[in-house]
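To start, the structure itself, in structure tokens.
The values are calculated or read from the model by the stated rules, or taken from the named source; none is laboratory data. This structure is a prediction, so every number in the text was calculated from the model and none was measured. Note: ideal-geometry Cβ built from the backbone for every residue, glycine included; neighbour counts use all protein chains shown. Quick note on the areas: whole protein, heavy atoms, side chains included, nothing else; ligands and nucleic acids left out. Shrake-Rupley method; radii C 1.70, N 1.55, O 1.52, S 1.80 Å.
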Amino acid sequence: MRTKHLIPNHAAGLTYAARDSAARDNNGYGGADGAGGIDPFEGFPDAVLGLIVSKLPFRSAVAASAISRRWRGAANAAPALDIDFAAAFPAAPRRRAAFAAAATAALAPRPASPHPLRRLRLALDGLFDQAFAAPAAEHLACWLASAAARGVERLELRLPRSRLAVLPPSLLACTALTSLTLRLDHYALPLPSPATFARLSRLHLASVSLNGDDDFFGDLFSHCAELRNVVLEKCRIGALRLAGPSGLRSLAITDCTWAQESSLAVFEMPELRSLRYSGAMATRHVTDGSISSLDQVLLAIEKPQAKPREDTLRELIALVGNSPSLLLSPWCTEQFARVEEWLKVRLDRVRRLSCIIERREEAALSIAPLLSNCRNVEELRVSVVPSQGTRRRCSDAECHGLLRSKGVMLKHLKGVRMKYIDESKSGLELVKLLLKNASALETMNIVPSMDGLEQAMFRRRVLKFRKSSRNASIQFCTAG
């Protein structure tokens, strides 16, 4: 393709390259010999250079100091730093001294005008080598002191499993923290008192031992009046007592391991709105009824190896209360649908119900007793996942008996979404039950687990069912 017509006066030598070279000569950025020029970044303020560096990985941010003298102090002007040893030197793990020097230079505050540090992430996996463990502990204390001097607001600290990888006292000097994440591998030492974190609004603890002997959470709720979110991830818990008064709004206990005789107690949490409880569960659940204001509850508890006590299930039901939004794992769905557990329990406040069931012949039937207690539910979501257990055939008499054993009246149900439902006896009966008893149903979205001819046959059978709502629209989707 000819391009001469794109560059005017090309014959006279007036090209874009010649024009840009002349502009550089006139502005003093460099002459024909390439000497005597000034740095084009000289006019950039420190805040702009720091913002550019904060978008780079730490290794690239350190390498940016070699661009020119103007970039040498750009790292310690960055508002956010992600200092990860494993990512900085993946092929040369022995360069611990060079990494420590670079991190110290990046975090050191400027004497004249220290730039504020909004967010800092310190991931030190692999840094605490046997020969470098003691210097690494000293560097960690120095780095946190420098971050405190720059007023760090959001801190994430990840420490490996090491005898010297402990939380230094300089962590308590970070009084401007609003978010704190501690990922400590098998950390068995008591946590320091969070009394100095008066502005803390979010706390995330991972792989920490919580035995209930110390008063960490007592000091947390007493001194951190702005605390709103608490996340406990993969912690080893013996006894957990969360007592207010507190303005806590979100609590997540995910994939934690509990002692054989463990307890979870929640008191004086009137503003708690969201609860996420997954993995294993405690032996006892104690509450004073102050968390009845829950708006969203996610129970993804796995099936325990030993059969839990009846009191544990009753206490768990009392803990979640009448939440307007309720999501249940397969095991929780089976336990909550047990008739004997619901003799004195009503879920009249539940408006959005989400159930995850296993792909078994009788799995869909387990929702019917639960629906009979959620009479005011407006939105229902059912997701089917592969089953790890043995499949059991369900007879016609068993299907009809379980579905009609209790009067299932869903007068307020407007939307249903069934994902990966199959053509099993209980699956078809559940669809038939919902269409028959949901008089206000507007939409039913079904994502079948089959395709081709089987999906067409399943679709024809569903469309023949009688609908109590004239405005009900049944839609079949091919993807979730």
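Please state which one of 171, 164 is of a type outside the set (Gly, Ala, Ser) and not in a helix (DSSP H, G or I). So the residue among 171, 164 that is of a type outside the set (Gly, Ala, Ser) and not in a helix (DSSP H, G or I) is 164.
So which strands (runs of 3 or more DSSP E) stay within region 214-279 end to end and still have 3 or more residues that are among the β-branched types (Val, Ile, Thr)?
Passing ranges, in order: 250-267.
Of the residues in region 191-200, none is part of a strand (DSSP E or B), within 21 Å of residue 159 (Cα to Cα) and at pLDDT 90 or above. Within region 267-325, the residues that satisfy the criterion of being among the polar types (S, T, N, Q) and open to solvent by 70 Å² or more (accessible area, probe 1.4 Å) are 292, 296, 305. If residue 107 meets every condition in (1) out of contact with any Leu (no Cβ under 8 Å at 6 or more places or on another chain); (2) in contact (Cβ under 8 Å) with a residue 12 or more places away in the chain; (3) of a type in the set (A, V, I, L, M, F, W, C) apart from one, which number is that one? Residue 107 satisfies all of (1) out of contact with any Leu (no Cβ under 8 Å at 6 or more places or on another chain); (2) in contact (Cβ under 8 Å) with a residue 12 or more places away in the chain; (3) of a type in the set (A, V, I, L, M, F, W, C) except (1). Filtering region 434-450 to residues that are touching a residue at least 40 places away in the same chain (Cβ under 8 Å) and open to solvent by 20 Å² or more (accessible area, probe 1.4 Å) leaves only 449.
Consider region 42-75 and keep the residues that are more than 35 Å from the chain's Cα centre (by Cα) and among the aromatic types (Phe, Trp, Tyr). The one that is least open to solvent (accessible area, probe 1.4 Å) is 71.
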